[in-house]
Amino acid sequence: MRLHGSCRCKAVRFSLRSTTPYPYMRCYCSVCRKTAGGGGYAINIMGQAESLEVEGGEHIAIWRASADQTDEGGPGLSPARRHFCSRCASALWVSDPRWPELLHPFASAIDTALPKPPETVHIMLDFAAPWVEVPRGANHRHFRRYPDESIADWHKRHRLDGGKPAKAGRRRKKSKS
Ligand SMILES: [Zn+2]
């Protein structure tokens, strides 16, 4: 599906294609909480970077969080680029040069009606604020740090990746769909 998004002041509008639009993963890390997660967490979904179209790109600012441990070893800047509106401060999307074909929009910036996820995954709970009530019970999975499956694999397991039945061994298509 094609997702349309915008910042709150509408200086920035964007759209991109996504086969993984379910906003099922809540991240409670301090970066997400402070920059985009007033409820204690932020939700990123995933789309295809090459399909991104932007209006008002001149209003976009980019922030890289400091990280204790980078791929190069030791402290430095996170490779993740957090794009936000420099006028109204809305979080827009995260990109990462390690995965240049992907883009991770914040569900909060998407105007298209997203589908309701059948299951919610709570991640980075080691960093959750003490006041956050994390939902428990059926249809909730919990991880202290990173989850055990990718956004694409979650959609596959729930058979939500374009309606095709989940199968082991991902079919790789050369053409972009
Ligand atoms: Zn704005």
Query raised in the report: Going by the structure shown, is VAL12 farther than 30 Å from LEU125 by Cα, open to solvent by 30 Å² or more (accessible area, probe 1.4 Å) and not aromatic (Phe, Trp, Tyr)?
Result: no
Report task. Can you work out which of the residues in segment 21-41 that are closer than 22 Å to SER78 by Cβ and open to solvent by less than 10 Å² (accessible area, probe 1.4 Å) is farthest from the ligand (Cβ to nearest atom)? Result -> TYR28
Query raised in the report: Does ASP111 count as over 19 Å from ARG64 (Cα atoms) and within 15 Å of the ligand (Cβ to nearest atom)?
Result: yes
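Here's a check for you: in segment 1-18, which residue that is modelled with pLDDT of 95 or more and in a loop (DSSP other than H, G, I, E, B) is farthest from the ligand (Cβ to nearest atom)?
This residue is SER18.
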Query - Condition broken by GLY73, with the remaining ones in (1) out of contact with any Asp or Glu (no Cβ under 6 Å at 6 or more places or on another chain); (2) modelled with pLDDT of 95 or more satisfied - result: (2)
Query raised in the report: Just a yes or no: is a residue in segment 96-103 touching a residue at least 12 places away in the same chain (Cβ under 8 Å) and either closer than 26 Å to PRO135 by Cβ or crowded, with 22+ Cβ neighbours inside 10 Å (or both)?
Result: yes
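Answer yes if at least one residue in segment 77-84 is outside any loop (DSSP other than H, G, I, E, B), within 16 Å of the ligand (Cβ to nearest atom), touching a residue at least 60 places away in the same chain (Cβ under 8 Å) and open to solvent by less than 20 Å² (accessible area, probe 1.4 Å), and no otherwise.
At the first step, the residues of segment 77-84 found to be outside any loop (DSSP other than H, G, I, E, B) are 77, 81-84.
This time we only want the ones that are within 16 Å of the ligand (Cβ to nearest atom), so: 82-84.
Retained after the next criterion (residues that are touching a residue at least 60 places away in the same chain (Cβ under 8 Å)): 84.
Among the residues that remain, those that are also open to solvent by less than 20 Å² (accessible area, probe 1.4 Å) are: none.
The answer is no, given that none of the residues of segment 77-84 is outside any loop (DSSP other than H, G, I, E, B), within 16 Å of the ligand (Cβ to nearest atom), touching a residue at least 60 places away in the same chain (Cβ under 8 Å) and open to solvent by less than 20 Å² (accessible area, probe 1.4 Å).
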Query raised in the report: For segment 46-76, how many residues are in a loop (DSSP other than H, G, I, E, B), out of contact with any Ser or Thr (no Cβ under 8 Å at 6 or more places or on another chain), surrounded by fewer than 16 Cβ atoms within 10 Å (Cβ to Cβ) and not charged (D, E, K, R)?
Result: 3
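The values are calculated or read from the model by the stated rules, or taken from the named source; none is laboratory data. Keep in mind it's a predicted model, so treat the numbers as computed, not measured. Positions of Cβ are generated from backbone atoms using ideal geometry, with glycine treated the same way; all protein chains shown enter the neighbour counts. Just so you know, the surface numbers come from the protein's heavy atoms only, side chains and all, with ligands and any DNA or RNA stripped out. Shrake-Rupley method; radii C 1.70, N 1.55, O 1.52, S 1.80 Å.
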